[in-house]
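Each remark here refers to the structure printed beneath this line.
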Amino acid sequence: MITTTKAGGWLIKGTELIEDSNGAIEQIKAKTGVSADKASAKQGTIAYGILKDHNTSGDMEKLQIKFDKLTSHDITYVGIIQTARASGLEKFPIPYILTNCHNSLCAVGGTINEDDHMFGLTAAKKYGGMYVPPHQAVIHQFAREMLATSGGMILGSDSHTRYGALGTMAMGEGGPELVKQLLGQTYDIKMPDVVAIYLTGEPVKGVGPQDVAIAIIGEVFKSGYVKNKVMEFVGPGVAGLSADFRIGIDVMTTETTCLSSIWQTDEKTEQFYEIHGRKSDYKKLAPADITYYDGVVKVDLSTIRPMIAMPFHPSIAYEIDFVNANLEQMLHETEERAKVSFGDKIEYSLMDKIVDGKLLVDQGIIAGCAGGGYENICAAADIMKDRYIGSDKFTMSIYPASTPIYMELLRNGVAAELLETGTILKTAFCGPCFGAGDTPANNAFSIRHSTRNFPNREGSKVQNGQISSVALMDARSIAATAANKGFLTPATEFDGEYREHLYHFDSAIYANRVFDSKGIADPSTELQFGPNIKDWPKMEKLPENLLLQVVSEIHDPVTTTDELIPSGETSSYRSNPQGLAEFTLSRKDPEYVGRAKTIQKAETALVKGDHPCHAVDGLKDIIHTAKEIKDFGDPNTDVIGFGSTIFAVKPGDGSAREQAASCQKVLGGWANIANEYATKRYRSNLINWGMLPLLIPEGELPFANLDYIYLPGIREAVEGKADVIKAYAISGGKTKEFDLTLGDLTDRERKIILDGCLINFNRQK
């Protein structure tokens, strides 16, 4: 059972929980003899101690964090280094690890992906970084094995940068936040709330980390209970979980929309470090004897059963037994969710998946930073031992998360056992998680121990009428399903025994293949560019006034970054800002790019000294109507800028990829308007690309798609820290005044917006 408290909670000596109430202070004094103070007790969290150690502001309410290490993969590091180069980068000031686990197949776009890899290798040499070649490890497994330190902090340009189970507070952000660190700047946030994830009990046989993770996500995502907060895993239930089990839960905390995560550490954490030859990087982390948390999620591990997150979000959480008992209802609800996202664009039906009253799935995948761990794969092998997946359409693939894990599976015979079942073993690769590997057939149903199951995340193309479904499950239940030849089966039905598979980490493969500069830069190294690696286009500063056209209107409850800029085959263009921008919203709103380009012509004309009305049909009439607005300005001068905006109810769930924002900016986007932003990282991406993260209250919109919005005095409003942004909707020869807000912005964020983007900000400096 998982429950959340309405108020905060007190943790006594790391084990006993007392919910905050009028009598809580008296209870604590009776138990400890100490008069508790909430303000002081908040400083007892593990998170507070780590943040304090890394804060440079001297003010624990307004943090300015410097991280210990940075890490990126091969669909983010080119853009980050290009941005930093444009701002004067000469050397990586802290360890920066470039991994290659997203574009590693090099199967799309000719040599494009391998060109990125060569850029990464030469950058590591030139600036003093580390380069992990393709197929060696997925980004997060390498970080766990080689980079994490108890009490440390790592910033990564991937949303699943989570190493809390090893005592490292790690955060996944868009590339510009890493650029700031490379340029000696800081990560600026208010002190986040810290929520205790209070674990009790032990998991029953057959329940794995993904089951626990899905159950937690299902409880907290919709309510926003941990949004932009730190999840701190504590309580007596932690001790019963192996390090691998904790890691499997921890990596999925991203799907709750929390800011970061951290766990108490113990001898099992220490053993993990010792196995990986880094025992000195371990230290014990625990909350103070009396600690106050801003909220509490209570998790009784013994009550959790094998779970499934149905398409199309990790929070659509059910017990597998419930789904099997209510198949028609569950599949019908999935079909209805598909209509919300896709409308009538595609034919989508799942009822043919019911065979003899059971759900027959098409594909099983165990992969990546969530599924590809050693214990997950060994447990799957135990369940599938001496069984066969059959010769029909069901397929099964497993991607070990690193070559050292793969090597151990070969040495102990587990790899051979899996191959005997008909399962295919593949190299370390993140593709199945973002649509670049094992893309299912049209209308297929895939079960995966990976991180996400958003629409299109598996690689389908709605614009071409092709769609498939992904449900998230634990490796154990995926193996039980595979052993049952594709019929959905919870691992609790496995009546065999799990063997003890000891793990021996062999670092030789890394020592022989990973380039490590040891922090020594070689300025004489020439960066190796491919024809697809392009510089960022010039971006203008924020004008005095803005006239924006709404070029997309999205009313889905949540809009993911995958919908803003699709993953999969588009990854080959991640190093080409303008080439990638052509794919913006292509699977959600195919008309977006053309509309954005049209209004962008007005700004282009203005910059060239031409009249914007000559560049865009109908703009003259819009300006004529807008002249009714007081102090509208003169479009013949540079005081009015032109561009586009989108409206989405709650944009930015999912990936940290900066391109979800930068592609809009490349196409002339100046703002997003939303009821709320799904994640801090997407809002930060907007800001770092000079876009206004505008907010409008829920309710009837004063504008519609293709209407214009005029923001008079917007530059002055940003400079003056105005609480309310005055706006005017222009449509049908009429104007309508309404209010927008910007939310909290630091002084640096305001300056970045005013300068037009982070690149301009740093050039100004």
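The values are calculated or read from the model by the stated rules, or taken from the named source; none is laboratory data. Bear in mind the structure is a predicted one, so any value in this text is a computation, not a measurement. Ideal geometry is used to build each Cβ from the backbone, glycine not excepted, and the neighbour counts take in all protein chains shown.
For the range 155-190, the set of residues classified as surrounded by 24 or more Cβ atoms within 10 Å (Cβ to Cβ), of a type in the set (Val, Ile, Thr) and closer than 12 Å to His54 by Cβ consists of Thr168 only.
Would you confirm whether or not the range 174-186 contains a residue that is charged (D, E, K, R) and farther than 21 Å from Leu259 by Cβ? Checked the range 174-186: no residue is charged (D, E, K, R) and farther than 21 Å from Leu259 by Cβ.
Residue by residue through the range 587-616, note down the ones that are of a type in the set (Asp, Glu) and not in a helix (DSSP H, G or I). If you could, list the steps in order and put the result at the bottom.
In the first step, residues of the range 587-616 are kept if they are of a type in the set (Asp, Glu); the result is 589, 591, 603, 610.
Of everything in the range 587-616, those that are of a type in the set (Asp, Glu) and not in a helix (DSSP H, G or I) turn out to be Asp589, Glu591, Asp610.
Would you confirm whether any residue within the range 618-640 is crowded, with 24+ Cβ neighbours inside 10 Å, in a helix (DSSP H, G or I) and either within 33 Å of the chain's Cα centre (by Cα) or among the polar types (S, T, N, Q) (or both)? No: the range 618-640 contains no residue that is crowded, with 24+ Cβ neighbours inside 10 Å, in a helix (DSSP H, G or I) and either within 33 Å of the chain's Cα centre (by Cα) or among the polar types (S, T, N, Q) (or both).
Here Leu686 meets each of (1) over 17 Å from Ala581 (Cα atoms); (2) touching a strand residue (DSSP E or B) at 6+ places or on another chain (Cβ under 6 Å) with one exception, condition (1).
Scanning the range 49-64 for residues that are under 13 Å from Ile189 (Cα atoms) and touching a strand residue (DSSP E or B) at 6+ places or on another chain (Cβ under 7 Å) yields Leu51, His54, Asn55, Thr56, Ser57, Glu61, Lys62, Leu63, Gln64.
Quick check, is Thr149 surrounded by fewer than 23 Cβ atoms within 10 Å (Cβ to Cβ), hydroxyl-bearing (Ser, Thr, Tyr) and either touching a helix residue (DSSP H, G or I) at 6+ places or on another chain (Cβ under 6 Å) or free of Cβ contacts under 8 Å to residues at least 12 places away in the same chain (or both)? Let's see the steps before the verdict.
Values: surrounded by fewer than 23 Cβ atoms within 10 Å (Cβ to Cβ): yes; hydroxyl-bearing (Ser, Thr, Tyr): yes; either touching a helix residue (DSSP H, G or I) at 6+ places or on another chain (Cβ under 6 Å) or free of Cβ contacts under 8 Å to residues at least 12 places away in the same chain (or both): yes.
So Thr149 passes the test.
Taking each residue of the range 55-84 that is closer than 17 Å to Pro133 by Cβ and looking for partners that are modelled with pLDDT of 95 or more and in a strand (DSSP E or B) with beta-carbon atoms closer than 7 Å, six or more apart or interchain, yields Thr71/Ile97; Thr71/Ile154; Thr71/Gly156; Ser72/Leu98; Ser72/Gly156; Tyr77/Leu98.
Restricting Lys736, Lys726 to residues that are out of contact with any Cys (no Cβ under 9 Å at 6 or more places or on another chain), buried (at least 16 other Cβ atoms within 10 Å of the Cβ) and assigned to a strand (DSSP E or B) narrows the list to Lys726. Could you say whether any residue in the range 740-755 is over 18 Å from Val179 (Cβ atoms), more than 31 Å from the chain's Cα centre (by Cα) and outside any helix (DSSP H, G or I)? No, that holds for no residue. For Ser87, the conditions (1) at pLDDT 95 or above; (2) touching a Lys or Arg at 6+ places or on another chain (Cβ under 7 Å) are fulfilled apart from (1).
Does Ile709 satisfy the condition of being among the hydrophobic types (A, V, I, L, M, F, W, C) and in a helix (DSSP H, G or I)?
On the way: among the hydrophobic types (A, V, I, L, M, F, W, C): yes; in a helix (DSSP H, G or I): no.
Spelling it out, it is not the case that Ile709 is among the hydrophobic types (A, V, I, L, M, F, W, C) and in a helix (DSSP H, G or I).
Taking (1) of a type in the set (A, V, I, L, M, F, W, C); (2) in contact with a Lys or Arg (Cβ under 9 Å, 6 or more places away or on another chain); (3) at pLDDT 95 or above in turn, Ile290 satisfies each apart from (3). Inside the range 373-392, residues that are out of contact with any helix residue (DSSP H, G or I) (no Cβ under 7 Å at 6 or more places or on another chain) and modelled with pLDDT of 95 or more make up a count of 1. Checking each residue in the range 410-441 for being under 23 Å from the mean Cα position of the chain (by Cα) and among the polar types (S, T, N, Q) picks out Thr427, Thr439.
Name every residue in the range 357-368 that is surrounded by 12 or more Cβ atoms within 10 Å (Cβ to Cβ) and over 27 Å from His102 (Cβ atoms), in order of residue number.
Pass one, the range 357-368, residues surrounded by 12 or more Cβ atoms within 10 Å (Cβ to Cβ): 358-368.
Of everything in the range 357-368, those that are surrounded by 12 or more Cβ atoms within 10 Å (Cβ to Cβ) and over 27 Å from His102 (Cβ atoms) turn out to be Lys358, Leu359, Leu360.
Of the set (1) buried (at least 24 other Cβ atoms within 10 Å of the Cβ); (2) at pLDDT 85 or above, all apply to Glu458 but (2). Only a single criterion out of (1) modelled with pLDDT under 95; (2) under 24 Å from the mean Cα position of the chain (by Cα); (3) among the small types (Gly, Ala, Ser) is not satisfied by Ala444, namely (2). A single member of Pro566, Pro531 is surrounded by fewer than 20 Cβ atoms within 10 Å (Cβ to Cβ) and not assigned by TED's automatic domain parsing to the domain that holds Ala84, and it is Pro531.
Applying the condition of being of a type in the set (D, E, K, R), surrounded by fewer than 17 Cβ atoms within 10 Å (Cβ to Cβ) and in contact (Cβ under 8 Å) with a residue 40 or more places away in the chain to the range 740-764 and asking which residue is nearest to Gln82 (Cα to Cα) yields Arg763.
Determine whether Phe429 is in contact with a Phe, Trp or Tyr (Cβ under 7 Å, 6 or more places away or on another chain) and of a type in the set (A, V, I, L, M, F, W, C). Judged against the criteria, Phe429 is a match.
Considering every residue within the range 247-256, establish whether at least one is under 21 Å from Glu16 (Cα atoms), in contact with a Leu (Cβ under 8 Å, 6 or more places away or on another chain) and modelled with pLDDT of 95 or more. Explain how you work it out, then say what you get.
Going residue by residue through the range 247-256, those that are under 21 Å from Glu16 (Cα atoms) are none.
No, there is no match, as no residue in the range 247-256 is under 21 Å from Glu16 (Cα atoms), in contact with a Leu (Cβ under 8 Å, 6 or more places away or on another chain) and modelled with pLDDT of 95 or more.
For every residue, the table says whether it meets (1) touching a strand residue (DSSP E or B) at 6+ places or on another chain (Cβ under 6 Å); (2) closer than 18 Å to Asp294 by Cβ; (3) free of Cβ contacts under 8 Å to residues at least 60 places away in the same chain.
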| site | (1), (2), (3) |
| --- | --- |
| Ser159 | yes, no, no |
| Arg162 | yes, no, no |
| Ala170 | yes, no, no |
| Gly175 | no, no, no |
| Val212 | no, no, no |
| Phe233 | yes, yes, no |
| Gly240 | no, no, no |
| Asp244 | no, no, no |
| Glu255 | no, no, no |
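Residues that are of a type in the set (Gly, Ala, Ser) and closer than 16 Å to Trp670 by Cα within the range 544-593 comprise Ser552, Ala581, listed in sequence order. Does any residue of the range 396-404 turn out to be modelled with pLDDT under 95, of a type outside the set (Gly, Ala, Ser), surrounded by 24 or more Cβ atoms within 10 Å (Cβ to Cβ) and over 25 Å from Leu350 (Cα atoms)? Scanning the range 396-404 turns up no residue that is modelled with pLDDT under 95, of a type outside the set (Gly, Ala, Ser), surrounded by 24 or more Cβ atoms within 10 Å (Cβ to Cβ) and over 25 Å from Leu350 (Cα atoms).
Show me the helices (runs of 4 or more DSSP H) found entirely inside the range 44-148 where at least 2 residues are farther than 30 Å from Met252 by Cβ.
On the way: elements: 46-54, 77-86, 112-127, 139-146.
Filter on the range 44-148 gives 77-86, 112-127.
Considering only residues in the range 297-356 that are part of a loop (DSSP other than H, G, I, E, B), in contact with a Phe, Trp or Tyr (Cβ under 9 Å, 6 or more places away or on another chain) and without any contact (Cβ under 8 Å) to a residue 40 or more places away in the chain, the one that is surrounded by the fewest Cβ atoms within 10 Å (Cβ to Cβ) turns out to be Asp356.
Could you name every one of the helices (runs of 4 or more DSSP H) located completely within the range 386-497 that has at least 2 residues being of a type in the set (A, V, I, L, M, F, W, C) and without any contact (Cβ under 8 Å) to a residue 12 or more places away in the chain?
On the way: elements: 403-411, 414-420, 431-434, 475-483.
Output list reads 414-420.
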